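Accompanying notes for the structure given below.
The values are calculated or read from the model by the stated rules, or taken from the named source; none is laboratory data. Note that the structure is predicted; figures quoted are calculated from it, not measured. No Cβ is skipped: glycine too gets one built from the backbone with ideal geometry, and neighbour counts run over all protein chains shown. Keep in mind that these areas ignore ligands, DNA and RNA; they rest on the heavy atoms of the full protein, side chains included. Shrake-Rupley method; radii C 1.70, N 1.55, O 1.52, S 1.80 Å.
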Amino acid sequence: MRLSRYFLPILREPPREAEIVSHRLMLRAGMIRQEAAGIYAWLPMGLRVLNKISAIVREEQNRAGAIELLMPTIQSADLWRESGRYEAYGKEMLRIEDRHEREMLFGPTNEEMITEIFRGSVRSYRDLPLNLYHIQWKFRDEVRPRFGVMRSREFLMKDAYSFDIDKEGAVHSYNRMFAAYLRTFQRLGLTAIPMRADTGPIGGDLSHEFIILASTGESEVYCDKAILDLPVPGADTNFDDAAGLQSIFDAYTTPYAATSEMHDAAAFAQVPAERQVSARGIEVGHIFYFGTKYSDPMGAKVTGPDGQERPVHMGSYGIGPSRLVAALIEAFHDENGIVWPDSIAPFNVALLNLKVGDSATDAACDTLYCALGARGLDVLYDDRDDRPGAKFAAADLIGAPWQVIVGPKSLSDGKVELKRRATGERTLVSIEDAVARLT
Ligand code: ATP
Ligand code: MG
Ligand code: MG
Ligand code: MG
């Protein structure tokens, strides 16, 4: 992508309304634009990151055996009357009336709708286990939308829903998602700690929140440092091996880890003092087992091996890709801007032409741009007629993991400069070596 032809509205002045660094940097780097309170347009660079996160989430859901579909954003109020949640959900639900005065709503979550889909076609235990998910926009009329996309009203959620014949099967499904979440967050470059959590309005008796430690987090959390040293399940994890998954779950739930709602001060006091972590955290994922809470009132039943009908056991599993964009920036930035991990960087390389119009510099940049692009890298080529200082600042702000700096001085020795954004380390290399090092 040539920056001169891209849409990247960088702000020169730090935006005043932003209280936390990720919100400030997302606005400054032209990733999002606020359209109404808690409602954001995703500008091209923000969308790139959001899509990269969603792609990793999707790959790990698929690996764990979940199946993607897509449900609508608008739902019928009648569906929610069946579960009893239409009144119970309260003011966070955005209620809508259509031209025929039918009551509709913008979905804050999809337990009711997926239960309706399930009961419409699944009849037998032979069709189980089943896990269906989608990645879709949600709306919650948050009392206090703030921190940009960290707590917005419209936000993207991956929500999966599992169906099993009994509790034992449902626990296996729960453990599949538990392991998939550990893998997902690791691939994003994050350490997310599963913590015993309250089930809230979703209901149920088994629940974990996945929390990233961050001083700007809204949750108060307590854990044993030992949990940070546990191995993350590999890509070769067998998701059909119930015992294997149970041992991963057991290993991660043995050390103390709980959010403030579930905190047990006496149990925490048993953790050796040097291993006690009491910190703030960001909730990036949340998994629940809630049994027959929806299948019972909504009549989602299957026939068991004995020919008897029974309500199906369900769980639901959320991740917030849009909140994750902000959470990642909270974790990966310095005083000059964003420092993207390689796995989710919007561009792999920022190519800086320090003297646009100089024929040798232009030619070297063209060569690099084409060679890196041909090798599958996403390159943002700063070909604007601007001062080097402005280009350095923009590249650092945007945070591509690598910068290739091309100026007439080093080019007269046949060299370009390679800079690693995270460390600031710079090396002079030939054009060929630059291509080789980056691919
Ligand atoms: P919170 O405690 O932050 O309000 P929640 O517990 O209400 O979140 P869940 O119902 O568990 O959220 O939804 C699953 C995931 O969706 C959350 O873990 C989070 O990643 C994301 N999410 C929820 N609310 C928002 C929001 N207002 N803005 C952005 N992401 C959100
Ligand atoms: Mg909430
Ligand atoms: Mg919560
Ligand atoms: Mg939650």
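What number comes out for the charge environment of H333, summing +1 per Lys or Arg and -1 per Asp or Glu over other residues with Cβ under 13 Å away?
Combined, the nearby Lys, Arg, Asp and Glu give -1.
Classify region 114-223 as rounded, prolate or oblate, taking a ≥ b ≥ c as the square roots of the eigenvalues of its Cα gyration tensor: rounded when a/c is under 1.5, otherwise prolate if a/b is larger than b/c and oblate if not.
In terms of gyration-tensor shape, prolate.
For region 356-439, what is the convex hull (Cα atoms) projected area averaged across all directions, in square nanometres?
With every direction weighted equally, the projected area is 5.1 nm².
Quick one: if the Förster radius is 22 Å, what FRET efficiency do H100 and T73 give, using the C-beta to C-beta distance and rounding to 0.05?
Numbers: r = 19 Å, r/R0 = 0.86.
Efficiency at R0 = 22 Å is approximately 0.70.
Can you give the % of DSSP beta bridges in the chain that are antiparallel, to the nearest 5?
Once the DSSP bridges in the chain are tallied, antiparallel ones form about 85 percent.
Using the heavy atoms of the protein chains alone and a 1.4 angstrom probe, what is the accessible area of the chain per residue in square angstrom?
About 44 Å² of surface per residue is accessible.
List every residue whose amide H lies under 5 Å from the amide H of I32, counting only residues 5 or more places away in sequence or on a different chain, with H placed 1.01 Å from N in the peptide plane.
Those lying under 5 Å, H to H, from I32 are L43.
Positive end of the charge dipole of the chain (Lys, Arg +1 and Asp, Glu -1 on Cβ, about the Cα centre): tell me which of H313, N110, L438 has its Cα farthest that way.
The residue sitting farthest along the positive end of the dipole is L438.
Pull out a ≥ b ≥ c, the square roots of the eigenvalues of the alpha-carbon gyration tensor of region 25-182, then state rounded if a/c is under 1.5, prolate if not and a/b is larger than b/c, and oblate in the remaining case.
Cα axes put region 25-182 in the oblate bin.
What is the local net charge at G38, summed over the other residues whose Cβ is closer than 11 Å to its Cβ (Lys, Arg +1; Asp, Glu -1)?
Surrounding charge for G38 is +1.
Quick one: which residues, 5 or more positions from G399 or on another chain, have an amide H under 5 Å from its amide H? H modelled 1.01 Å from N in the peptide plane, none for Pro or chain starts.
I338
Quick check on packing: order 50-58, 226-234, 393-401 by the mean number of other C-beta atoms within 10 Å, highest mean leading.
Highest mean packing first, the order is 393-401, 50-58, 226-234.
List the residues, sorted by chain then number, that are 5 or more residues from H333 or on another chain and whose placed amide H is less than 5 Å from its amide H.
Excluding prolines and chain starts, which carry no amide H, the hits are V339.
Any chance you could check the Cα centroid distance between region 66-82 and region 131-173 for me, in angstrom?
The two parts, judged by their Cα centres, are 12 Å apart.
What net charge do the residues around D141 carry, taking every other residue with its C-beta under 13 Å from that of D141, with Lys and Arg at +1 and Asp and Glu at -1?
Spelling it out: positives minus negatives among the neighbours equals +4.
When a/c reaches 1.5 or more, the comparison of a/b and b/c decides; with that in mind, is the chain rounded, prolate or oblate per its Cα gyration tensor?
Taking the square roots of the gyration eigenvalues as a ≥ b ≥ c, the chain is prolate.
Tell me, what % of the accessible area of the chain is carbon and sulfur with a 1.4 angstrom probe?
Ligands and nucleic acids excluded, carbon and sulfur reach 49 percent.
Summing -39500 (n - 2.57) over the DSSP H runs of n ≥ 4 in the chain and dividing by its residue number, what mean residue ellipticity at 222 nm do you reach, to the nearest 500 deg cm²/dmol?
It comes out at -9500 deg cm²/dmol, rounded to the nearest 500.
Could you go through region 246-256 in sequence order and give the Karplus-derived ³J(HN,Hα) for each residue, using 6.51 cos²θ - 1.76 cosθ + 1.60 with θ = phi - 60°, rounded to whole Hz, and x for Gly and Pro?
4, 6, 5, 4, 4, 4, 7, 9, 6, x, 5
Can you work out ³J(HN,Hα) from phi for every residue in region 216-232, in order, using Karplus 6.51 cos²θ - 1.76 cosθ + 1.60 and θ = phi - 60°, giving whole Hz and x for Gly and Pro?
8, x, 8, 9, 9, 10, 9, 8, 8, 3, 4, 5, 6, 8, 6, x, 8
Can you compute the FRET efficiency between I39 and T303 using 1/(1 + (r/R0)^6), with r the Cβ-Cβ distance and R0 = 51 Å? Round to the nearest 0.05.
Working from the Cβ atoms, E equals 0.70.
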